[in-house]
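Take a look at the structure set out below.
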Amino acid sequence: MQDHQINNDLLAFLKTSPTPYHATDNIKNMLIKQGFIVLHETDSWIIKPNTGYIVIRHSSSIIAFTTGDMQFEKQGFRMIGAHTDSPCLKIRPHADYIKNQAIQLGVEVYGGALLSPWFDRDLSIAGQITWHQNNQIYQTLIDFKEPIAIIPSLAIHLDSTQNHARSINPQQHILPILNTQSTHLNDTYLTFSDTILFLLKEQAINIPKNTQLAYDLSLYDTQPAACIGLTQAFIASARLDNLVSCFIGTRALLDTMHESNPCLLACYDHEEVGSVSASGAQSPFLSQILERLLPDPQAKIQAIQRSLFISSDNAHAIHPNFPEKHDAAHAPVINQGLVIKINANQRYATSPESHAYFKNLCDTHDIPTQYFTARADQSCGSTIGPITAAELGIRTIDIGIPTYAMHSIREIAGTHDIIYLLKAFHQFYKTPATQLTLHTSS
């Protein structure tokens with residue numbers, strides 16, 4: 001497929017994936033269209049060779065795998081991991097705030113969000129709604145789609161220090177405005193829960209007005225993802241970190257689904273808040289799936305030790321206006337290749353063994369690579385890589401595509417790097433077991 005079509009498909013995926021729930025649902029649908037079968041953790045499983053399967057946990061984390069020849073303990077798995085969540089503003093349970101006749105929403109910051117870009121954006125709301133009715137629990141996805149909220153900046157006239165001493169208090173300064181109090185519906189104040197019920201009714205979901213709603217809803221920027229720049233060298237969008245890896249991992253798994261190798265893709269929620277949840281990377285989700293595929297403990301260990309896990313998450317591109325923030329010898333540039341991440345304190349899981357394998361794979365297939373290590377005087381972020389390596393004892397490498405403005409409401413990556421990532425994932429999924437075997441010299 002043409003490179004521009006891959007990027008266009010990515011743009012469409014980003015547009016329809018405003019939350020981890022929507023991203024997971026979209027990944028599931030991409031896989032089902034190509035014959036993957038959904039497995040439920042509450043059922044008994046019958047696994048067949050040369051078949052693709054999907055397992056979803058809590059609607060926001062998904063693991064998909066292909067069985068190949070089912071020689072798991074002899075071939076190992078080629079595993080790619082990513083995450084479905086991104087920093088954002090989540091709506092509080094008691095959402096209605098009224099201040100100075102403005103109707104606002106109470107929000108809480110999720111993850112390490114860069115807050116200043118959230119001002120003056122056309123915002124909508126999406127997520128998952130849960131309710132109890134007739135002694136049953138129901139869930140549905142929801143997306144307002146239209147811009148219904150905004151967080152206005154304070155005028156420069158009222159605080160002339162903002163351009164050089166701006167401080168954002170997340171409790172006071174980032175409450176979105178929905179409406180003014182003078183607006184009524186049939187002379188009755190429309191609460192946020194009422195608004196949700198109206199939206200659900202438009203989707204032919206009728207819930208009694210007094211039903212207690214539970215939800216996980218977040219705000220998102222309605223400006224769609226786009227290829228930008230004089231030669232469309234960049235892709236600009238919310239949630240590039242890390243929906244790029246989720247989408248490209250899914251495409252690679254589909255493109256190689258008929259390979260004899262067992263291949264796996266894990267896209268987890270809650271990475272941005274530490275992965276400690278029932279469906280995060282530190283949960284037993286992946287380990288439990290492997291146990292079901294390999295119920296014999298010895299066979300499971302054999303398979304893991306013949307496997308490799310690629311933790312794919314965005315990397316910090318050197319910013320031309322702030323070059324001092326990088327170590328000069330480890331400063332990735334957008335559209336100049338994939339980034340291998342290394343950290344002496346194990347904030348990234350790259351080892352000499354996994355590093356050598358991945359570098360050789362990329363060199364063999366003309367995929368350019370770069371390196372990132374944090375400055376010695378700066379702290380280093382982390383990924384699902386070290387967590388997975390520790391939980392499973394699996395060889396792991398941390399890689400990613402260079403990105404500007406990470407954790408902003410609008411991030412920027414390179415359209416060429418997207419293609420490099422897909423090419424690397426293709427070749428990784430095709431790697432024979434012999435190339436993953438460690439040989440020591442005596």
task: Please list, in chain and number order, the residues 5+ apart from G229 or on another chain whose amide H is under 5 Å from its amide H, with Hs placed from the backbone.
output: none
- request: Fewest Cβ neighbours within 10 Å first, please rank E324, E73, E271, E411 accordingly.
  value: E324, E73, E411, E271
task: Taking the convex hull of the Cα atoms, report for region 256-409 its projected area averaged over all directions, in nm².
output: 10.8 nm²
task: Only helical DSSP H runs with n ≥ 4 go in: add -39500 (n - 2.57) per run for the chain, normalise by residue count and round the 222 nm mean residue ellipticity to 500 deg cm²/dmol.
output: -8000 deg cm²/dmol
- prompt: Taking a ≥ b ≥ c as the square roots of the eigenvalues of the Cα gyration tensor of region 139-255, is the shape rounded (a/c under 1.5), prolate (a/b larger than b/c) or oblate?
  reply: oblate
- line: Residues S237, S260, S287 in order from fewest to most other beta-carbon atoms within 10 Å are S287, S260, S237
field: Values of log10 I(q)/I(0), in the order q = 0.29 Å⁻¹, for region 224-279 under a Debye, Cα-only, solvent-free model
entry: -1.11
- line: Protection proxy (average C-beta count within 10 Å per residue), highest first, orders 360-367, 206-213 as 360-367, 206-213
D (Stokes-Einstein, µm²/s), Kirkwood Cα radius, region 109-150, 1.567 mPa s at 4 °C: 101 µm²/s
message: At R0 = 25 Å, how high is the FRET efficiency between T51 and L438 if r is their beta carbon distance? Nearest 0.05 is fine.
response: 0.25
Other-chain or far-sequence residues with amide H under 5 Å of Y215's (modelled H): T130
- prompt: Once you list every other residue whose beta carbon is under 10 Å from the beta carbon of L294, what net charge do they have if Lys and Arg are +1 and Asp and Glu are -1?
  reply: -1
- prompt: Among W131, W118, W45, what is the fewest-to-most ranking by other Cβ atoms within 10 Å?
  reply: W45, W131, W118
message: Going through the cross-link list K15/K359; K33/K74; K300/K430, which pairs have a Cα-Cα distance over 23 Å in this structure?
response: K15/K359; K33/K74
query: Using the C-alpha atoms of the chain, what convex hull volume per residue, in cubic angstrom, is computed?
result: 167 Å³
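Readers should treat all values here as calculations from the given coordinates under stated rules, not as data from a laboratory. All values derive from a computational prediction rather than experimental measurement. With ideal geometry, Cβ positions are generated from the backbone for all residues, glycine too; neighbour counts draw on all protein chains shown.
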